[in-house]
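Student: Sharing a structure with you now.
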Amino acid sequence: MASSSSTTVTDLIATVHHDIIESHILTRLDGATLASVSCASSYLHHLASNEILWSKICRSTWPSCSDGSRSFFSDAYSMVETAGSVSDLDRPFPELISAVDLHYKGKLIFSRVVKTDTTTAWFKSSPLRIDLVDTKDTVATPIKRRRRTEDTCRDLEKDLTLSWIVIDPIGKRAANLSSHRPVSVQRNWISGEVEAQFATVVETVECVITVVTCGEEEMHVREVSLKVEKMEGTHLNGRDSLVILRSVMEGKRVNGRRRGVESKRRHEEFMEKKREMKEKKMRVESVFDILTVAFGILGFVSFVVFCLWITST
């Protein structure tokens, strides 16, 4: 019965002129819904494979992307589940493109594309840090700072969303490194600025995006930056970071609908393991310090006893 009903619906859809479906139905769908519709029948799959349609969806979803395709949407919308293996490490990767969009309550407040030269010795050996806002500039926003810092942090955690898509133009792959919503929002008690962090965890490494806002009444964006951090607390250099980013692009993907919830869960697990590792390291260092002091005292006592023995003889 169910199969018969499904066939009837498919037959009815096939009777509708394709121009009506393409112009008045498919154009009203978001990317995730369009992808689901394309699986309903071979006819809808054919209509939903129009690259012009996917290009428009990519531009509306991520304004920083001037163009797009169905494969690009699949890369940028999905989230990585497990990192992939990078077999061709020697393949040229001369440029890393970052397409970033920041929204507040669904309204675009910041959009930028940055190309990073990955061939320089400075990039390869220095800790990776990609900054999108010049140190002397700030970006005005409609965000109002609340009287209580806790309320401001709560608003940003609820209404601030970010997309940071890294693109490999040679391999024609992309990945969204953002958690969509912040995994943490807190005030910097030294500067008074509010810092929102977005993150993607890749095994023992976390790609951390920091958005720093400042201002007493209307808040401004002062910093939007990307770093790759190991669980030990150190930051990866450009060469090692590229390996991580390529493993993300080549990794196994899952549906990105629950990106915010899943990314926050992984971040909390990462921070818990990081805390446990730090505590273990402190315990080991404490034992080492105790042994050092003990051996020092033992050596001193032995020296005194030796001196007394020499004097007595």
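The values are calculated or read from the model by the stated rules, or taken from the named source; none is laboratory data. Quantities reported herein were computed from a predicted structural model and do not represent experimental measurements. Here the Cβ positions follow ideal geometry from the backbone for every residue, glycine too, while neighbour counts run over all protein chains shown. Each accessible area value is taken on the protein alone, full model and side chains, heavy atoms only, with ligands, DNA and RNA left out. Shrake-Rupley method; radii C 1.70, N 1.55, O 1.52, S 1.80 Å.
Student: Say each of residue 285 and residue 121 gets a label point 7 Å from the Cα, pointing the same way as Cα to Cβ; how far apart are those two points in nm?
Tutor: Taking the simple label geometry, residue 285 and residue 121 are separated by 3.3 nm.
Student: Between rounded, prolate and oblate, where does the chain land on the alpha carbon gyration tensor, with a ≥ b ≥ c its root eigenvalues, rounded for a/c under 1.5, else prolate if a/b exceeds b/c?
Tutor: Working: a/c = 2.55, a/b = 2.07, b/c = 1.23.
Prolate, because a/c is 1.5 or more and a/b exceeds b/c.
Student: Further question: Pairing the Cα long axis of helix 149-159 with the longest principal axis of the chain, what angle in degrees results, from 0 to 90 and rounded to the nearest 10?
Tutor: Relative to the chain, helix 149-159 is tipped by roughly 40 degrees.
Student: Given R₀ = 25 Å, FRET efficiency for residue 95-residue 254 by Cβ-Cβ distance, to 0.05? List each step's numbers first, then the result.
Tutor: Numbers: r = 28 Å, r/R0 = 1.12.
Here the calculated transfer efficiency is 0.35.
Student: OK, next. Working from Cα positions, state the angle (0 to 90°, nearest 10) between the long axis of helix 51-61 and the longest principal axis of the chain.
Tutor: Relative to the chain, helix 51-61 is tipped by roughly 50 degrees.
Student: Within region 215-254, list the residues whose amide N lies under 14 Å from a label point set 7 Å along Cα→Cβ of residue 149.
Tutor: The answer is 215-216.
Student: Projecting each Cα onto the charge dipole of the chain (Lys/Arg +1, Asp/Glu -1 at the beta carbon, about the Cα centre), which of 249, 106, 46 comes out farthest on the positive side?
Tutor: Of the listed residues, the answer is 106.
Student: Next up: Once the Cα atoms of helix 259-312 and of the chain are each reduced to a long axis, what angle between those two axes, in degrees from 0 to 90 to the nearest 10, is obtained?
Tutor: Rounded to the nearest ten degrees, it is 10.
Student: Calculate the spin-label point distance for residue 261 paired with residue 232, positioning each point 7 Å from the Cα along the beta-carbon direction, and give it in nanometres.
Tutor: Spacing of the two 7 Å Cα→Cβ label points: 3.6 nm.
Student: Now for a different question. Can you tell me the length gained on complete extension of the stretch residue 50 to residue 29, counting 0.36 nm per residue apart and subtracting the Cα distance? Walk me through the numbers on the way to the answer.
Tutor: Values: separation 21, 0.36 × 21 = 7.56 nm, distance 1.34 nm.
That works out to 6.2 nm of additional length.
Student: For the chain, set up a GNM with springs between Cα atoms under 10 Å and report which of 167, 244, 25 has the largest fluctuation.
Tutor: Among 167, 244, 25, the largest mean-square fluctuation in the Gaussian network model of the chain belongs to 25.
Student: Only Lys, Arg, Asp and Glu count, each charged at its Cβ (+1, +1, -1, -1), so figure out the dipole size of the chain about its Cα centre, rounded to 20 debye. All intermediate terms of the calculation are to be shown ahead of the outcome.
Tutor: Details: 43 positive and 42 negative charges, 85 e Å.
Dipole magnitude for the chain comes out near 400 debye.
Student: Which order do you get for 258, 129, 266 if you rank them by accessible area with a 1.4 Å probe, largest at the top?
Tutor: Numbers: 258 150, 129 105, 266 40 Å².
Ranking 258, 129, 266 by accessible area, largest first, yields 258, 129, 266.
Student: Under a 10 Å cutoff between Cα atoms, tell me which one of 204, 15, 120 has the largest fluctuation in the Gaussian network model of the chain.
Tutor: 15
Student: Related question: If R₀ is 45 angstrom, what is the calculated FRET efficiency for the pair residue 186 and residue 66, using the beta carbon separation as r and rounding to 0.05? Write out the running numbers ahead of the final one.
Tutor: Numbers: r = 35 Å, r/R0 = 0.77.
After rounding, the FRET efficiency stands at 0.85.
Student: Order the peptides 34-43, 73-82, 282-291 from the highest to the lowest mean number of other Cβ atoms within 10 Å of their residues.
Tutor: Details: 34-43: 15.3, 73-82: 19.1, 282-291: 10.0.
The peptides rank, most packed first, as 73-82, 34-43, 282-291.
Student: Going through the cross-link list 124/158; 227/278; 56/124; 115/136; 56/115; 136/252, which pairs have a Cα-Cα distance over 31 Å in this structure?
Tutor: Among 124/158; 227/278; 56/124; 115/136; 56/115; 136/252, the Cα-Cα distance tops 31 Å for 124/158; 56/124; 136/252.
Student: Report the accessible area of residue 20, computed with a 1.4 Å probe over the heavy atoms of all protein chains in place, in Å² rounded to the nearest 10.
Tutor: 80 Å²
Student: Here's another thing I want to ask about it. Got a number for carbon plus sulfur as a percent of the chain's accessible area, 1.4 Å probe? Mind showing how you got there, number by number?
Tutor: Numbers: 10400 of 18280 Å².
That fraction is 57 percent.
Student: Using a Cα-Cα cut-off of under 18 Å, which aspartates and glutamates could be cross-linked to residue 107, ignoring same-chain neighbours fewer than 8 residues away?
Tutor: Excluding near neighbours in sequence, the set is 30, 155, 157, 159, 218.
Student: With the dipole of the chain worked out from charges on the C-beta (+1 for Lys and Arg, -1 for Asp and Glu) around the Cα centre, which of 26, 209, 171 lies farthest toward the positive end?
Tutor: 209
Student: Rank 59, 147, 173 by mean-square fluctuation in a GNM of the chain with C-alpha springs under 10 angstrom and give only the top-ranked residue.
Tutor: Looking only at 59, 147, 173, the largest GNM fluctuation is found for 147.
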